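K.L.:
I'd like to ask you about the structure that follows.
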Amino acid sequence: MPNIQQLEDLTTQVRRDILRMVHKVNSGHPGGSLGCAEFFVTLYQDIMETNEGFDMDGKGEDLFFLSNGHISPVYYSVLARSGYFPVDELNTFRLIDSRLQGHPTTHEGLPGVRIASGSLGQGMSVAIGAAEAKKLNNDNHIVYSLHGDGELQEGQNWEAIMYAAARKVDNLISIIDLNGQQIDGSTDNVLPMGSIKNKFEAFGWTVIEIEEGNNVEAIIKGMAEAKTLTGKGKPVCVLLKTVMGNGVDFMMHTHAWHGKAPNDEQLEIGLAQNAETLGDY
Amino acid sequence: MKTYTNTGNKDTRSGFGAGLTELGKTNGNVVALCADLTGSLKMDEFKANHPERFFQVGIAEANMIGIAAGMTIGGKIPFTGTFANFSTGRVYDQIRQSVAYSDKNVKICASHAGVTLGEDGATHQILEDIGLMKMLPGMTVINTCDYNQTKAATLAIAKHHGPVYLRFGRPKVPNFTPENGEFKIGKAVKLTEGSDVTIVATGHLVWEALEAAKALHEKGISAEVINIHTIKPLDDQAILDSVSKTGCIVTAEEHNYLGGLGESVARVLAQHHPAPQEFVATNDTFGESGTPAQLMEKYGLNSDAILKAVNTVLKRK
């Protein structure tokens with residue numbers, strides 16, 4: 001298992017990948033991708049138990065579902081750098097005939113992806129289904145899902161949140177990327193959601209908070225705790241407090257880079273802040 | 001003319017229930033999900049036999065579709081059950097992204113389709129669902145005509161890999177197709193041989209088409225009745241073979257003429273064999289409360305309506 005320095009080095013490289021991918025096609029979503037870079041790296045390199053290669057059914061391994069599919073750049077970078085497909089393929093992001101669609105999909109057969117996402121609010125239901133299938137198959141592995149905080153404004157989430165608690169789907173860990181931003185501004189300005197923690201708890205979930213969601217060690221510690229809370233009759237929610245645009249100073253703490261690519265100059269500034277640790281694709 | 005015997009009125013939804021019960025015993029991967037309509041969908045027996053494979057999701061259809069999509073990951077074959085309106089229009093985007101685009105092996109089983117749902121009225125009487133579902137790439141769309149065919153279709157779709165929309169209804173209607181007959185997805189069934197006019201019908205309108213053919217036979221008009229249970233993929237060849245012989249066609253369905261079977265048939269004819277066609281279908285309208293028979297009469301969906309359409313189309317030959 002990689003050590004903390006290795007995880008941090010990979011995170012830096014993933015940030016470069018994200019910036020270069022969206023810059024090349026002048027489109028995509030760098031803000032949320034950068035905010036979740038530490039989480040994805042830690043999830044795939046440390047937290048999840050996965051089998052060699054890729055099998056859609058994912059029996060005998062942990063599964064991950066990305067519900068807020070627009071942060072595909074970080075997903076693709078980490079999947080590639082975890083061995084699911086060649087790193088060079090990151091060059092094809094959002095281009096015609098690519099497996100790396102703007103939003104993730106199974107349609108082109110990209111290894112590592114098990115469901116299409118992009119239209120928001122659907123991923124938790126899918127994760128619950130996969131978790132229920134694991135129970136039927138006596139497969140004692142965990143299903144993880146990631147959701148944006150703004151995404152919780154979609155009503156289907158609350159159907160899923162109610163179901164998971166009622167049916168004791170306790171092999172599910174749903175992570176909420178709590179960055180407080182969405183397209184039109186801060187979540188508090190667009191549609192204040194009150195206490196997400198209180199809401200999940202009121203629905204019957206166990207909730208833990210990771211205050212430093214951009215700190216690899218804090219994520220490892222928090223997710224390890226989350227794992228210990230599975231199998232106890234309740235689904236587990238992790239509130240991951242992140243900074244949108246993390247690691248690129250002019251992109252941080254703002255919704256402005258939700259869905260905007262850097263220009264040439266901005267790319268150079270961003271890359272200068274993130275050294276090439278493992279080699280660019 | 002070949003005639004068919006009604007062995008007793010039965011509801012198509014009970015055919016679905018019987019098929020599901022059989023699948024429960026024969027296929028351990030089949031799971032069933034329901035959104036608070038277990039009795040209406042006739043899923044009680046499956047639930048009683050296999051409580052561990054039955055998932056009551058409550059009144060939350062979007063979540064049901066998503067859970068079903070997720071269950072396919074791990075090899076399950078989920079059958080979702082609710083009314084046709086809540087199986088399609090209410091959850092279109094969930095089906096589009098999580099099922100169809102993701103190519104998940106989910107069977108969306110929809111009862112109470114069309115106006116024959118009856119007294120509940122237009123909020124529940126979807127007449128647009130065939131169109132919604134057939135537009136989704138990769139989706140198979142099936143509308144069965146009686147109890148036996150619905151049971152056979154339920155068994156057949158479990159063996160077919162890929163998303164399926166199975167549409168059936170509420171009222172008790174004539175049961176006339178063979179018991180334990182083979183159901184071939186995408187293969188039309190020719191019910192009568194004829195030379196003057198082709199009548200292709202789906203769902204509850206198939207029996208009405210046979211009634212119309214009988215009346216036409218007495219008047220010396222020879223009608224070829226084809227049961228199109230699979231609207232997508234459509235059996236183009238069966239339609240073309242018949243129209244090549246008869247030179248005209250009437251399509252009959254309990255659905256809006258926009259987006260339904262009739263439009264699919266018109267596309268085949270326009271491309272390969274232009275011929276006069278008349279549509280027995282609802283005319284871009286919502287339904288209303290009433291008994292199924294009253295509604296079929298008022299909205300022009302019975303054998304009388306088919307006879308009128310045949311008279312019109314014959315004059316256009």
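K.L.:
Filter the trypsin sites (Lys or Arg not before Pro) in the stretch A:90-128 to those in DSSP coil with at most 15 other Cβ atoms within 10 Å of their Cβ, and list the result.
P.N.:
none
K.L.:
Could you tell me which of A:109, A:41, A:7 has its Cα farthest along the dipole of chain A towards the positive end, charges placed at Cβ (Lys, Arg +1; Asp, Glu -1), taken about the Cα centre?
P.N.:
A:109
K.L.:
Using each residue's phi in the stretch B:3-14, evaluate 6.51 cos²θ - 1.76 cosθ + 1.60 at θ = phi - 60° and report the 3J(HN,Hα) Karplus result to the nearest Hz, with x for Gly and Pro.
P.N.:
Taking θ as phi minus 60°, the curve returns 10, 10, 9, 7, 7, x, 5, 8, 7, 5, 4, 5 Hz for the stretch B:3-14.
K.L.:
Additional query: May I ask you to compute the full-extension gain from residue B:214 to residue B:193, defined as 0.36 nm times their residue separation minus their alpha-carbon distance, rounded to one decimal in nm?
P.N.:
Once the chain is fully extended between residue B:214 and residue B:193, it gains 6.4 nm.
K.L.:
Right, next: Using modelled amide H (1.01 Å from N, peptide plane; none on Pro or chain starts), what sits under 5 Å from the amide H of residue B:122, excluding residues fewer than 5 places away?
P.N.:
Correct list: B:288, B:289.
K.L.:
Which Cα, out of B:132, B:20, B:206, lies furthest along the positive dipole direction of chain B (beta carbon charges, K/R +1, D/E -1)?
P.N.:
B:20
K.L.:
Rounded to the nearest whole Å³, what is the per residue volume of the convex hull around the Cα atoms of the stretch A:141-199?
P.N.:
Output value, Cα hull per residue: 81 Å³.
K.L.:
What distance in nm separates the simple spin-label points at residue A:189 and residue B:222, each placed 7 Å from Cα in the Cβ direction?
P.N.:
Using points 7 Å along Cα→Cβ, the separation is 7.7 nm.
K.L.:
Cα gyration tensor of the stretch B:10-173, axes a ≥ b ≥ c as square roots of the eigenvalues: rounded (a/c below 1.5), prolate (a/b > b/c) or oblate?
P.N.:
Rounded is the answer for the stretch B:10-173, as its axis ratio a/c remains below 1.5.
K.L.:
Over all alpha-carbon pairs of chain B, lay out the pair-distance distribution in 20 Å bins, whole %, shortest bin first.
P.N.:
Bin by bin from 0 Å, the calculated values are 36, 56, 8.
K.L.:
Right, next: Tell me the Rg and the Dmax, in Å, that the Cα atoms of the protein assembly as shown produce.
P.N.:
27.2, 89
K.L.:
I've got another one for you. Order these by the 10 Å Cβ neighbour count, fewest first: B:134, B:214, B:151.
P.N.:
Fewest-to-most ranking of B:134, B:214, B:151: B:214, B:134, B:151.
K.L.:
Which ³J(HN,Hα) values in Hz, rounded to whole numbers, follow from the phi angles of the stretch A:261-267 under the Karplus curve 6.51 cos²θ - 1.76 cosθ + 1.60, where θ = phi - 60° and Gly and Pro get x?
P.N.:
Values per residue, Gly and Pro as x: 8, x, 7, 4, 5, 5, 4 Hz.
K.L.:
Which value results when the Cα radius of gyration for the stretch B:34-121 is divided by 2.2 N^0.38 Å?
P.N.:
1.07
K.L.:
While we're on this one: Convert 25 °C to kelvin, take the viscosity as 0.890 mPa s, use the Kirkwood radius over C-alpha pairs of the stretch B:142-215 as Rh, and evaluate the Stokes-Einstein diffusion coefficient in µm²/s, rounded to a whole number.
P.N.:
Result for D is 184 µm²/s.
K.L.:
Here's another thing I want to ask about it. What value in Å³ per residue do you get for the convex hull of the alpha-carbon atoms in chain A?
P.N.:
113
K.L.:
Further question: Would any residue of the stretch B:252-272 have its amide N under 17 Å from a label point 7 Å out along Cα→Cβ of residue B:135? List them or say none.
P.N.:
Output list for this probe position: B:255-265, B:267.
K.L.:
For the stretch B:298-304, what does the Karplus curve 6.51 cos²θ - 1.76 cosθ + 1.60, with θ = phi - 60°, yield as ³J(HN,Hα) per residue in whole Hz, taken in order and with x for Gly and Pro?
P.N.:
Whole-Hz 3J(HN,Hα) from phi for the stretch B:298-304: 5, 9, x, 10, 10, 5, 4.
K.L.:
If you don't mind, another one. What is the sum of charges around residue A:125, taking Lys and Arg as +1, Asp and Glu as -1, for the other residues whose C-beta is under 11 Å from the C-beta of residue A:125?
P.N.:
Net of charged neighbours comes to -4.
K.L.:
For B:139, A:21, what's the fewest-to-most ordering of other Cβ within 10 Å of each Cβ?
P.N.:
Ranking B:139, A:21 by Cβ neighbours within 10 Å, fewest first, gives B:139, A:21.
K.L.:
Each label point is 7 Å from the Cα along the Cα-to-Cβ direction; what then is the distance between the points at residue A:268 and residue B:180, in nm?
P.N.:
8.0
K.L.:
Oh, and also: Rg (Å, one decimal) plus Dmax (Å, integer) for the alpha carbons of the stretch B:1-80?
P.N.:
Cα only, the stretch B:1-80: 14.8, 50 Å (Rg, Dmax).
K.L.:
On to the next question. Which net charge results when you count Lys and Arg as +1 and Asp and Glu as -1 among the other residues whose beta-carbon is under 14 Å from that of residue B:217?
P.N.:
-2
K.L.:
Between residue B:36 and residues 5 or more places away or on another chain, which pairs have amide H atoms under 5 Å apart, with H built 1.01 Å from N, and which residues are they?
P.N.:
When sequence neighbours closer than 5 places are left aside, the close amide H contacts are B:57, B:58.
K.L.:
Among rounded, prolate and oblate, which fits the stretch A:1-56 when a ≥ b ≥ c are the square roots of the eigenvalues of its C-alpha gyration tensor, a/c under 1.5 means rounded, and a/b larger than b/c means prolate?
P.N.:
Oblate shape, in that a/c is at least 1.5 and b/c is the bigger or equal ratio.
K.L.:
Amide H neighbours of residue B:141 under 5 Å, counting only residues 5+ apart in sequence or on other chains, H built in-plane at 1.01 Å?
P.N.:
For residue B:141, the qualifying residues are B:165, B:231, B:232.
K.L.:
Let me ask you something else. Hey, got a sec? Which trypsin sites (Lys or Arg not before Pro) in the stretch A:171-259 land in a DSSP loop and have at most 15 other Cβ atoms within 10 Å?
P.N.:
A:232
K.L.:
When the convex hull of the Cα atoms of the stretch B:189-311 is projected onto a plane and the area is averaged over all directions, what value comes out in nm²?
P.N.:
6.9
K.L.:
In addition: Send over the Kirkwood Rh of the stretch B:242-317, from the inverse of the averaged 1/r over different Cα pairs, rounded to one decimal Å.
P.N.:
This gives a value of 13.0 Å.
K.L.:
Could you give the dipole magnitude of the protein assembly as shown about its Cα centre, charging the beta-carbon of Lys and Arg +1 and that of Asp and Glu -1, in debye to the nearest 20?
P.N.:
So the dipole magnitude of the protein assembly as shown works out to roughly 1880 debye.
K.L.:
A further question on this structure: If you rank A:168, A:135 by fewest surrounding Cβ atoms within 10 Å, what's the result?
P.N.:
Starting with the residue having the fewest Cβ neighbours, the order is A:168, A:135.
K.L.:
Quick one: net charge around residue B:296, please, counting Lys, Arg +1 and Asp, Glu -1 for every other residue with C-beta under 9 Å from its C-beta.
P.N.:
Every neighbour counted, the sum reads -2.
K.L.:
Continuing with the same structure: With the dipole of the stretch B:149-252 worked out from charges on the C-beta (+1 for Lys and Arg, -1 for Asp and Glu) around the Cα centre, which of B:220, B:161, B:180 lies farthest toward the positive end?
P.N.:
Value computed over the given set: B:161.
K.L.:
Next question, about the same structure. Going 7 Å from the Cα of residue A:217 toward and past its Cβ, which residues in the stretch A:22-54 have a backbone nitrogen under 17 Å from where you end up?
P.N.:
Answer for the stretch A:22-54: A:38-39, A:42.
K.L.:
Provide the FRET efficiency to the nearest 0.05 for the residue B:27-residue B:308 pair, computing r from the beta carbons and using R0 = 41 Å.
P.N.:
The computed FRET efficiency comes out at 0.35.
K.L.:
About its Cα centre, how strong a charge dipole does chain A have in debye, to the nearest 20, once Lys and Arg get +1 and Asp and Glu get -1 at the Cβ?
P.N.:
Charge dipole, chain A, about its Cα centre: 720 debye, nearest 20.
Here, each number is a calculation from the coordinates, and none is a lab measurement. All of these numbers come straight from a predicted model, not from anything done at the bench. Ideal geometry is used to build each Cβ from the backbone, glycine not excepted, and the neighbour counts take in all protein chains shown.
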